[in-house]
Amino acid sequence: MACIGIFDSGSGGLSVLKEILKVLPSEKYIYFSDDAYCPYGGRSREYIIDRSLKIVKALVDKGAQAIVVACNTATGAAIQILRENWPDMPIIGMEPAIKPAVALSKKAVVGVLATESTLHSDKYISTRDRYAKGVKVVEHAGEGFVELVESVRLEGPEVEAVVKKSLEPLLEAGVDVIVLGCTHYPFLLPVMKSVAGPGVQFVDPAPSVARHLKELLESAGFSLGDTGFSIEIKSSGSDETARRLYESII
Ligand code: DGL
C-alpha cells in the first residue's frame, strides 16, 4: 500500500488524479487543493515555493509516502527544492509535453497553453529548447481558464468565449497540436475541441505522469494494490469545488 499525497493550486490536479486512478486504483490518496491561494499563475517563484513547502509538510504529517505535484506552475517553481527537502521520498511533477507534441505535429507548428509562470520557468524553457528544434512553438496563457474551472463553469456560451480568446492566436498561427500545460485545462477540453475543430489534437501529460508514478513506486519497493482505495480531499479554503469536480472524474 502506498499513501500518495497530491496537490495543486486548486482542483486542476484532479485531472491528474483521474489518470493516476487508472493505473493505481487501489492506493490511499490525500488530495490537497490550495484554493485559498489560487491561482498560482501570476505569483512569484518565492511565493509558490513557500506554499509548496507548507503543503508537502502537511501531507507528509498526514502520512503521505509519495508526492505528486499535480500543478505545472508549482512543478516549475518548486520541485527541485521539494526534492532537496525530502530526499528519500518519491516526488513527481508535471512534465511539459513538448516532445510528444512535436512527434505528433505534421505541420511542425505546436501550441502550448500554460500559465505565464510556467511559460517563464527554466524547466519549461529548457524542455522546449531541447525538443522543439526546427518546430515553431506558439505559446499562450489560458486567460480566465483557471477561474472557470474553480467555479465549475465547464460549458456554455460564456466558457466558449473565454476559451476562444486564448485559442485564437494559436489557431491563427496554424498549430495542429496543442499541449495542455496546466492541470486545470483538461476540464475545458470538450469546449477547446469544439472551438479548435477536428484538425487539432491536444496532448495532456497526465497519463505519462501516472505511468511514471507507478514505475517510481514499484522501484521504491512499495507493494501496490493490496489494501483497497481510499481518498481524503482537503483544501485551504472550501472543499466544495474539489468535491464537485472529483464527482465528475470518477
Ligand atoms: N493547475 C495549475 C498548473 O498546472 C496552476 C493554475 C494556477 O493556479 O494558476 O499550472
Helix-only [θ] at 222 nm, the chain, -39500 (n - 2.57) per DSSP H run of 4+, per residue, nearest 500, equals -14000 deg cm²/dmol
The chain: relative contact order from alpha carbon pairs under 8 Å, six or more residues apart, as a whole percent, is 32
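Are there any chymotrypsin sites (Phe, Trp or Tyr not before Pro) in the range 132-236 that are in a DSSP loop and have at most 13 other Cβ atoms within 10 Å? List them by number. Spell out each step's value before the answer.
Working: sites: Phe145, Phe187, Phe202, Phe222, Phe229; in loops: Phe222, Phe229.
Loop-located and lightly packed - Phe229.
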Interchain or sequence-distant (5+) residues whose placed amide H lies within less than 5 Å of the amide H of Tyr29 are Ile4, Ser230, Ile231, Glu232
Here, His120 and Glu158, labelled 7 Å along Cα→Cβ, have an inter-label distance in nm of 2.9
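In debye to the nearest 20, how big a dipole does the range 36-91 give about its Cα centre with +1 on each Lys and Arg Cβ and -1 on each Asp and Glu Cβ?
Working: 7 positive and 5 negative charges, 31 e Å.
Result for the range 36-91 is approximately 140 debye, rounded to the nearest 20.
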For the range 69-85, in residue order, the Karplus 3J(HN,Hα) values (coefficients 6.51, -1.76, 1.60; θ = phi - 60°; whole Hz; Gly and Pro = x) are 7, 8, 8, 5, 5, 5, 4, x, 7, 10, 4, 4, 5, 4, 5, 5, 7
Expressed in nanometres to one decimal, the distance between label points 7 Å along Cα→Cβ at Ala36 and Glu215 is 3.8
GNM on the chain, Cα springs under 10 Å; top mean-square fluctuation among Glu139, Glu19, Glu232 goes to Glu232
Here the tail fraction of P(r) beyond 19 Å, over all Cα-Cα pairs of the range 196-250, rounds in percent to 60
Relative to the chain, whose Cα atoms define the longest principal axis, helix 45-61 and its Cα axis are tilted in degrees, nearest 10, by 40
Karplus-derived 3J(HN,Hα) from phi for the range 10-25 (6.51 cos²θ - 1.76 cosθ + 1.60, θ = phi - 60°), whole Hz, x at Gly and Pro, runs x, 9, x, x, 5, 5, 7, 4, 4, 6, 5, 5, 5, 9, 10, x
If amide H atoms are modeled at 1.01 Å from N in the peptide plane, then the residues at a separation of 5 or more from Gly111, or on another chain, having amide H under 5 Å from its own are Val138, Asp176, Val177, Ile178, Val179
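Calculate how large, on average over all directions, the projected area of the Cα convex hull of the chain is; give the answer in nm² to one decimal. It would help to have the intermediate numbers written out before the result.
On the way: hull surface 49.9 nm².
Result: a mean projected hull area of 12.5 nm².
Using a Förster distance of 30 angstrom, determine the FRET efficiency expected from the C-beta separation of Glu168 and Lys133, and round it to 0.05.
Values: r = 27 Å, r/R0 = 0.89.
Efficiency at R0 = 30 Å is approximately 0.65.
Could you compute how fast the range 99-189 diffuses translationally, taking Rh as the Kirkwood radius over C-alpha pairs and applying Stokes-Einstein at 25 °C with viscosity 0.890 mPa s? Give it in µm² per second.
Working: Rh = 13.6 Å.
Rounded, D is 181 µm²/s.
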Simple SL model, points at 7 angstrom along Cα→Cβ for Ser194 and Ser151; separation in nm is 1.9
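Computed from the coordinates by the stated procedures, all read-outs in this text should not be read as laboratory data. Everything numeric here is computed off the predicted structure, so don't read it as measured data. Don't worry about glycine lacking a Cβ; one is built from the backbone with ideal geometry, like all the others, and counts go over all protein chains shown.
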